[in-house]
Amino acid sequence: MSPIPPPPSVTARTRPPRSFAAFDPTTVDDLDDAALDELPFGVVCLARDGLILRYNLAEGRLARLDPSTVVGRNFFTDVAPCANTEDFHGRFRALAEGTTGGTSVRFSYVFDFRFGAQNVDVEIVRAPGAPRLYLLINRRQFLPERTGPEAREPAPRQSDLVADEAARGILRNRYAERVLSTPVVLFELLANAFDKQSAAQWRTIAHDWGLAAGRRLVIELETAGDDEIPLGDRPMREVVELVSDLLRDQGWGVVTFDLAESARGVLRLEVESSALVARPGRHGRRCHLLAGMLEGVLNHLAQRRLHVEELSCACTTGRPCEMIVVGESRRELAIRLAAEGRSFDDVVATLEAGRADESGG
Ligand SMILES: [Zn+2]
């Protein structure tokens with residue numbers, strides 16, 4: 001049997017660009033909000049007077065402020081008073097007013113928050129032909145809160161910015177992201193509604209939904225703030241553990257990555273106690289959303305397109321859900337074989353036979 005190239009090995013990857021070092025800053029103004037939210041470093045767009053126009057997901061998590069509540073405020077006076085210095089605001093003003101050469105300036109800085117200080121690299125970029133500037137912010141080091149004479153006025157907490165949110169039915173996690181406390185059966189109800197309206201499209205929609213959620217999950221992993229090592233610089237076993245721990249802590253179940261078949265160009269995933277299997281004893285596969293999420297994360301780790309498909313689901317088998325990871329070129333075949341209810345070994349054998357057919361002519 002010939003192996004299936006290209007293997008979806010998540011070990012042979014280049015470093016994912018968590019810092020903006022590998023990012024072309026002249027393109028930032030062309031990105032829509034969804035694209036800004038997929039960048040693993042902080043991005044803040046300011047008017048020339050310092051008014052916040054855009055604020056991406058990574059910056060929100062790292063500053064523990066909800067982007068939707070900081071837009072429209074003044075960055076230097078309301079949101080980041082620690083940046084209201086000659087070193088930071090002075091450079092910003094000079095670039096905004098065009099009194100300095102070039103279209104960007106890069107420097108190191110220390111941000112003060114009440115939950116700790118952060119050593120950052122900042123690049124201020126003037127948007128070409130538009131009256132706005134972008135701050136690109138890469139965290140180099142997380143430090144304890146500074147209390148000495150070197151400490152600047154710390155940034156406000158979310159609860160300082162907007163009071164009494166809980167009383168208005170707004171729940172937040174420790175990164176100030178708004179969250180919802182709801183029974184997981186909500187997902188089953190959604191799936192049931194699709195079964196009635198558009199059963200044929202449910203797999204595709206749930207998978208796409210998951211893929212978008214997986215890209216956010218990557219930002220969550222990159223901005224967890226426990227230390228400053230990017231995912232791409234960590235050993236794969238550790239990264240896989242981080243992914244598994246995050247999903248477990250969020251209540252999705254326990255995902256196990258089986259790398260044993262990676263030499264054959266596939267990976268096997270197992271999901272125990274999937275949150276999407278509200279009650280066993282049903283037919284079909286219920287975890288397309290989770291498969292999409294895992295695909296979003298694995299795409300980032302591998303730095304190329306992979307596909308994750310659920311082969312068998314706990315709702316039918318009573319055993320942990322089983323998923324397969326294949327390269328992009330095997331996507332359609334894997335989807336078809338999974339829909340036929342084939343086993344993991346059967347799918348791998350068919351993929352390999354297909355490859356042999358192709359190469360044999
Ligand atoms: Zn399942």
**Message:** Are there DSSP H segments in the chain that both extend 27 Å or more along their axis (alpha-carbon positions) and score a mean Kyte-Doolittle hydropathy of at least -0.5? List them, or say none.
**Reply:** 185-222
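Dividing the alpha-carbon Rg of region 192-275 by 2.2 N^0.38 Å yields what?
1.31
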**Message:** Applying a 10 Å radius around every beta-carbon, put 35-41, 192-198 in order of their mean neighbour count, most first.
**Reply:** 35-41, 192-198
**Item:** Simple Cβ-charge dipole of region 79-226, Lys/Arg +1 and Asp/Glu -1, about Cα centre, in debye nearest 20
**Value:** 260
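Cut-off is 10 Å between beta-carbons; in what order do Trp202, Trp252, Trp209 appear when sorted fewest neighbours first?
In order of increasing Cβ crowding within 10 Å: Trp209, Trp202, Trp252.
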**Asked** For the chain, what D do you get in µm² per second when you plug the Kirkwood radius from alpha-carbon pairs into Stokes-Einstein at 20 °C and 1.002 mPa s?
**Response** 95
**Message:** Through the Karplus equation 6.51 cos²θ - 1.76 cosθ + 1.60, θ set to phi - 60°, convert the phi angles of region 34-50 into ³J(HN,Hα) values in whole Hz; use x for Gly and Pro.
**Reply:** 4, 5, 4, 5, 8, 7, x, 10, x, 9, 10, 9, 10, 6, 5, 8, x
**Rg/Rh for region 126-252, where both radii come from Cα atoms and Rh is the Kirkwood radius** = 1.05
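Determine, for His283, His89, His207, His307, the number of other Cβ atoms within 10 Å of each Cβ, and report the residues in order from fewest to most.
Working: His283 8, His89 17, His207 21, His307 24.
Ranked by crowding around the Cβ, least crowded first: His283, His89, His207, His307.
How do Tyr134, Tyr109, Tyr55 rank when sorted from fewest to most other Cβ atoms within 10 Å of their own Cβ?
Tyr109, Tyr134, Tyr55
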**Item:** Prolate/oblate/rounded call for region 185-360, Cα gyration tensor, a/c under 1.5 rounded
**Value:** oblate
**Request:** Considering only Leu186, Leu267, Leu161, give the residue with the highest GNM mean-square fluctuation for the chain, with springs between Cα atoms whenever their separation is below 10 Å.
**Result:** Leu186
**Message:** Could you sort the peptides 171-177, 232-238, 73-79 by per-residue average Cβ neighbour count (10 Å cutoff), highest mean leading?
**Reply:** 73-79, 171-177, 232-238
**Request:** Give the Rg (one decimal place) followed by the Dmax (whole number) of region 20-159, computed from C-alpha coordinates and expressed in Å.
**Result:** 14.0, 42
**Complete:** Residues whose built amide H sits under 5 Å from the amide H of Leu51, excluding neighbours closer than 5 in sequence, are Phe75
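Any read-out appearing in this document is the output of simple, stated calculations on the displayed coordinates, not a laboratory observation. Everything numeric here is computed off the predicted structure, so don't read it as measured data. Every residue, glycine as well, gets a Cβ built from its backbone with ideal geometry; the counts of neighbours run over all protein chains shown.
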